[in-house]
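A short write-up of the structure that comes next.
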Amino acid sequence: MEDWAQCLDEAVRVARRAGQVVACAVQQEKCVRSKSTPTDLVTEADQQVEELIISTLRSRFPEHRFIGEESSAAGVKCELTDSPTWIIDPIDGTCNFVHSFPMVAVSIGFAVRKELEFGVIYHCFDETLYTARKGHGAFRNGVRLQVSKEKDVSKSLVLTEIGAKRDSATLDIFLGNMKKMLSAPTHGVRIIGSSTLALCLVASGSAEAYYQFGLHCWDIAAATVIIREAGGVVMDTTGNTLDLMSRRVVAAGTREIADYVVKQLQPINYGRDDSDPDNLALTSDP
Ligand SMILES: O=P(O)(O)O[C@H]1[C@H](O)[C@@H](O)[C@H](O)[C@H](O)[C@@H]1O
Ligand SMILES: [Mg+2]
Ligand SMILES: [Mg+2]
């Protein structure tokens, strides 16, 4: 039985270090560019922090593989194999980072034989550390986490994120999905600009559900372990098993709330993280 505790310890160390770099960089002048769309932002800090994380981990674990948001943006193939693989979002909430809006995290997930083994998410503004290892529970600053056990959707708070596509057809579907949630009626819907921190709020029992089309494997990986180890469910937006590379997710404290959310959603097609670049044309149709 492999023991990945050493890898988890290293992930915590480098996440904290990366988080401190982000917390310093947020006060500096930023060079902002866009990637897939004008609202899909990236800064030099995203690239430098990813380089810091990957170079640190690669020096400790040279035989491991790495999937990073900014490496993928630079053309490195996003491929999950059976090898021990680190799945990294160096700055989750880059738009928030650009605006100094205090919801920004470093997310480091780890998978072996395509199974998620542990996740670490560090909230850079308030130094909150979320950790979870498969079979060992989920924690926030060392205190065990428990999801909300609410089954009644009319007593639920639901979180989502907008995603990068802002064409009219996509926005109609996005707003239609939000209208379905608001007219359930749920207590409310919140968008905080960081999918990983939103998912950690579900793991903490501070919200009952999260759904999104358009996030990536590096947004989902670490948070999935944290929610599952806090007693929650993470699945595909069809209600089937989670597909880490599918760019879509539903997460909830209870299966009942997850199933309700799944039934309301109209899909938005963002393609896949592991599709070839020439398949990206598929993502033009919502
Ligand atoms: O690019 P970063 O790492 O900031 O991640 C965000 C995505 O860019 C958004 O599309 C998505 O909607 C979420 O806000 C996600 O956190
Ligand atoms: Mg990011
Ligand atoms: Mg992200």
task = Would you kindly state how much longer the chain becomes between residue 76 and residue 143 on full extension, computed as 0.36 nm times their sequence separation minus their alpha carbon distance, in nm to one decimal?
result = 20.4 nm
ask   = Where does the longest stretch of the chain lie that holds no GluC sites (Glu not before Pro) found in a DSSP loop with 15 or fewer other Cβ atoms within 10 Å?
value = 128-286
task = Divide, for region 155-251, the radius of gyration over alpha carbons by 2.2 N^0.38 Å, where N is the residue count.
result = 1.01
ask   = Round to a whole number: what % of the accessible area of region 1-77 belongs to carbon and sulfur, probe 1.4 Å?
value = 50 percent
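Rounded to a whole number, what % of the accessible area of region 153-264 do carbon and sulfur atoms account for, probe 1.4 Å?
On the way: 1970 of 3700 Å².
Solvent-exposed carbon and sulfur of region 153-264 make up 53 percent of the total.
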remark   = Contour minus Cα-Cα span, residue 259 to residue 29, at 0.36 nm per residue, comes to 78.4 nm
ask   = Hey, can you list the DSSP H helices of the chain whose Cα span along the axis is 15 Å or longer and whose average Kyte-Doolittle score is at least 0.0?
value = 5-25, 168-182, 217-229
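To the nearest whole percent, what portion of all C-alpha pairs in the chain is separated by more than 26 angstrom? Walk me through the numbers on the way to the answer.
Working: 15632 of 40755 pairs.
For the chain, the share of Cα pairs beyond 26 Å comes to 38 percent.
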message = Of the candidates 227, 54, 121, which one comes out as most mobile in a Gaussian network treatment of the chain with C-alpha springs shorter than 10 Å?
response = 54
ask   = Per residue, how many Å² of accessible area does the chain show with a 1.4 Å probe?
value = 44 Å²
task = From zero up to wherever the largest Cα-Cα distance of region 5-144 sits, split into 5 Å bins and tell me the percent of pairs in each.
result = 2, 10, 20, 23, 20, 14, 8, 2, 0
key: Partner lysines for residue 134 [C-alpha distance under 20 Å; skip if fewer than 8 residues away on the same chain]   = 114
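The values are calculated or read from the model by the stated rules, or taken from the named source; none is laboratory data. It should be emphasised that the depicted structure is a prediction, and the values quoted were computed from it without experimental measurement. Every residue, glycine as well, gets a Cβ built from its backbone with ideal geometry; the counts of neighbours run over all protein chains shown. The accessibility values were calculated without ligands, DNA or RNA, using every heavy atom of the protein model including side chains. Shrake-Rupley method; radii C 1.70, N 1.55, O 1.52, S 1.80 Å.
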